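The values are calculated or read from the model by the stated rules, or taken from the named source; none is laboratory data. Fair warning: this is a prediction, and the values are worked out from it, not measured in the lab. Virtual Cβ from ideal backbone geometry, glycine too; neighbours counted across all protein chains shown.
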């Protein structure tokens, strides 16, 4: 059962939630029984259905507790299938949630949504400013996951969440892929799902790093140069990807950059291969900055990524000079693997607006 | 947009060139600066980096519209 708190009015309830450390520091929607019940109804599931234990506090992630977090985050009933899938995704053992929540590194779960749920459970923005303010579903769904991680997982800053500084994506970090305008197939399709599936893919990621590239269609090396600068952003010598290696990372191509790569007839696999090849560095270079980390490599060259497919590539955002790359933590038993989870909508119950 | 409006305010005939994706922002800036009817010509997006030949083609296509906008009362 979920513990109940009592307050005289909403204002007092908000202060109570803040004082108990149950918020992310911003005002929340007070999770009254009626509001939580509406979100629960939308899931079509029983309140006590257990999705898993959430570390580091090993709290029981029941559907009801997730609904409480979703309510506090401002979610609509339509958002619930994506929230549940995002929670299920981070509960997969391969995600190493407990370790990720506890690390001193700045990492937050980036939720990438593919398939029809982008429209049916949102709309979840994929265009201009998709990771910025003003998109209700993006803001609320990402925030719901964070509130689960705080209140079910028990990750408290400086106590059980030891991120030295954190990053703003720890409030919310959710976007959709712009499948309709991308020259690439939808990302989930290349991950082995059907185009009609709705899928969340989640990876613990740093904040987005901007990569500037001004294309030149007259330059035969245009695509190659773009891949080079993206590789520099993904795994420069200041990143865990270049020092710890072996983790995942994300490249969010803006439409202009995606077109440059499409003009060169590059598939997603070709792009990933190019990024992988461009992030092979000399051991000597690593040893200069991090001697201890370099010692484990025996050859003259080492690879930042084990496999090309460890680099997620998608298209989102407005068209222009800037793509975004998100390096990762690269630690934990599974080295910061991304995980995917199908969004189940066949249990979903439409809840009328009140 | 701002450059076009600033020039127009100096009495210099001006036409702002705005790419398709930035057209709504152009509306916003024009309204917020109190000159919603500043002449504007739309360019395709993206334009930068699309190659010298394409720039020539686009330039040839927009010159008549550009001149018409310039000479508008």
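Residues of segment A:182-212 that are in contact with a strand residue (DSSP E or B) (Cβ under 7 Å, 6 or more places away or on another chain) and within 14 Å of another protein chain (Cβ to nearest Cβ): A:212 alone.
Among the criteria (1) within 14 Å of chain A (Cβ to nearest Cβ); (2) touching a strand residue (DSSP E or B) at 6+ places or on another chain (Cβ under 9 Å); (3) assigned to a helix (DSSP H, G or I); (4) surrounded by 14 or more Cβ atoms within 10 Å (Cβ to Cβ), the one residue B:46 does not fulfil is (3). Taking the listed residues A:338, A:322, the one that is closer than 27 Å to residue A:130 by Cβ, within 14 Å of chain B (Cβ to nearest Cβ) and touching a strand residue (DSSP E or B) at 6+ places or on another chain (Cβ under 9 Å) is A:322, with no other qualifying.
Table: residues versus (1) over 20 Å from residue A:131 (Cβ atoms); (2) modelled with pLDDT of 95 or more; (3) in contact with a helix residue (DSSP H, G or I) (Cβ under 9 Å, 6 or more places away or on another chain); (4) assigned to a strand (DSSP E or B).
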site: A:281; (1), (2), (3), (4): yes, yes, yes, yes
site: A:287; (1), (2), (3), (4): yes, yes, yes, no
site: A:305; (1), (2), (3), (4): yes, yes, yes, no
site: A:314; (1), (2), (3), (4): no, yes, yes, yes
site: A:332; (1), (2), (3), (4): yes, no, yes, no
site: A:348; (1), (2), (3), (4): yes, no, yes, no
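Exactly one condition in (1) farther than 26 Å from residue A:178 by Cβ; (2) out of contact with any helix residue (DSSP H, G or I) (no Cβ under 6 Å at 6 or more places or on another chain); (3) surrounded by fewer than 23 Cβ atoms within 10 Å (Cβ to Cβ) is false for residue A:242; which is it? Residue A:242 satisfies every listed condition except (3).
Of all residues in segment A:260-280, those that are within 14 Å of another protein chain (Cβ to nearest Cβ) and surrounded by 22 or more Cβ atoms within 10 Å (Cβ to Cβ) total 2.
Residue-by-condition table, conditions (1) more than 14 Å from chain A (Cβ to nearest Cβ); (2) more than 11 Å from the chain's Cα centre (by Cα); (3) crowded, with 16+ Cβ neighbours inside 10 Å; (4) part of a helix (DSSP H, G or I):
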site: B:22; (1), (2), (3), (4): no, no, yes, yes
site: B:25; (1), (2), (3), (4): no, yes, no, yes
site: B:34; (1), (2), (3), (4): yes, yes, no, no
site: B:57; (1), (2), (3), (4): no, yes, no, yes
site: B:62; (1), (2), (3), (4): yes, no, yes, yes
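Just checking, does segment A:156-168 include any residue being buried (at least 18 other Cβ atoms within 10 Å of the Cβ), in contact (Cβ under 8 Å) with a residue 24 or more places away in the chain and more than 16 Å from residue A:70 (Cα to Cα)? Looking for residues that are buried (at least 18 other Cβ atoms within 10 Å of the Cβ), in contact (Cβ under 8 Å) with a residue 24 or more places away in the chain and more than 16 Å from residue A:70 (Cα to Cα), one finds at least one in segment A:156-168, hence yes.
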